[in-house]
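Accompanying notes for the structure given below.
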Amino acid sequence: MRSTAVIAGFGALAMLAACSQPAPPKPAEPAKPAAPAIPAEIQGVAESVLGTGAEVLVFGDLARTGTQQVLAINRLPKTPTGAAPGTLLTRAVIAENNGGKWKEVFRCDEHLKNPNGFLGGTPITPITGWRLQQEQSPEKGLVMYFTPLEMAGESHVPTVGVRWNPKVKRYQSLDRSFEQFLTEVPTLERINSRLK
């Protein structure tokens, strides 16, 4: 009986000694690849159209036209409670390098616009924050989906799809099925009618 107690005591000591040993080092996790550096010219373009807080999301041949473009945003400084995941922003711009000179070809601020006017399907109410989801399609190029973060008095918050229309050579909005392009409108205004 005494030898059993001694053996149990040595066993307990051995377990304590094993537990007090430092854990074997974990194998080092492979380093995450660094995000690709934004060239100074591209960052300069973003800052020239949106100011010093501009962030470049993507750049390159975004529209699949052989022309360099850059998509830059002003990120929303604070995420609203209940906001769905995505890139939250106040403004976005796509600028295009045309013969060595950069020009704006798409703008999202309180509304969605291109040089020809307001994009079809744009809410009439000014929007102060948007959620952007984007994807790159080998055939269609950059496809963007803009959803207002909130719209006063609206029960349905529409998502507006935007991509390059190769026929008219500019960014345009898409219909609700995200298949057909919508034309621009020169002004946004409410139609007030009185029913009698």
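The values are calculated or read from the model by the stated rules, or taken from the named source; none is laboratory data. Bear in mind that the values here come from a model prediction, so they are computed numbers and not experimental data. Quick reminder, even Gly has a Cβ in these numbers, built from the backbone with ideal geometry, and neighbours come from all protein chains shown. Calculation scope for accessible area: heavy atoms of the full protein, side chains included, ligands and nucleic acids excluded. Shrake-Rupley method; radii C 1.70, N 1.55, O 1.52, S 1.80 Å.
Structure summary
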read-out: The range 54-101, accessible area per residue, ligands and nucleic acids excluded (1.4 Å, Å²); value: 49 Å²
read-out: Using a Förster distance of 22 Å, the FRET efficiency for Glu139-Arg176 (Cβ separation, nearest 0.05); value: 0.55
read-out: Phi-based couplings in Hz for the range 170-186 (Karplus 6.51, -1.76, 1.60; Gly and Pro marked x); value: 6, 6, 9, 7, 10, 5, 5, 8, 6, 10, 9, 7, 10, 7, 7, 10, x
read-out: Length-normalised contact order for the range 51-98 - Cα pairs under 8 Å, 6+ apart - percent; value: 35 percent
read-out: Cα gyration tensor, the range 102-149 - rounded (a/c under 1.5), prolate or oblate; value: oblate
read-out: Square roots of 5 times each gyration tensor eigenvalue, C-alpha, the range 29-150, largest first, Å; value: 22, 20, 15
read-out: Amide H within-cut-off set for Leu62, under 5 Å, with H built and near neighbours excluded; value: Gln69
read-out: Inter-site label distance for Ala40 and Asn97 at 7 Å from Cα along Cβ, in nm; value: 1.5 nm
read-out: Whole-Hz ³J(HN,Hα) from phi, Karplus 6.51 cos²θ - 1.76 cosθ + 1.60, for the range 121-138, glycine and proline x; value: x, 5, x, 6, 5, x, 10, 9, x, 10, 9, 10, 10, 9, 8, 9, 10, x
read-out: For Leu57, distant residues with modelled amide H under 5 Å away; value: Leu71, Ala72, Ile73
read-out: Theoretical gain in end-to-end length, Lys169 to Lys78 [0.36 nm per residue, Cα-Cα removed]; value: 29.2 nm
read-out: Where Arg176, Arg64, Arg107 fall by accessible area, highest first, once all protein chains stay in place (1.4 Å); value: Arg176, Arg64, Arg107
read-out: Within the range 91-185, GluC sites (Glu not before Pro) in DSSP loop having at most 14 other beta-carbon neighbours inside 10 Å; value: Glu139, Glu150, Glu154, Glu179
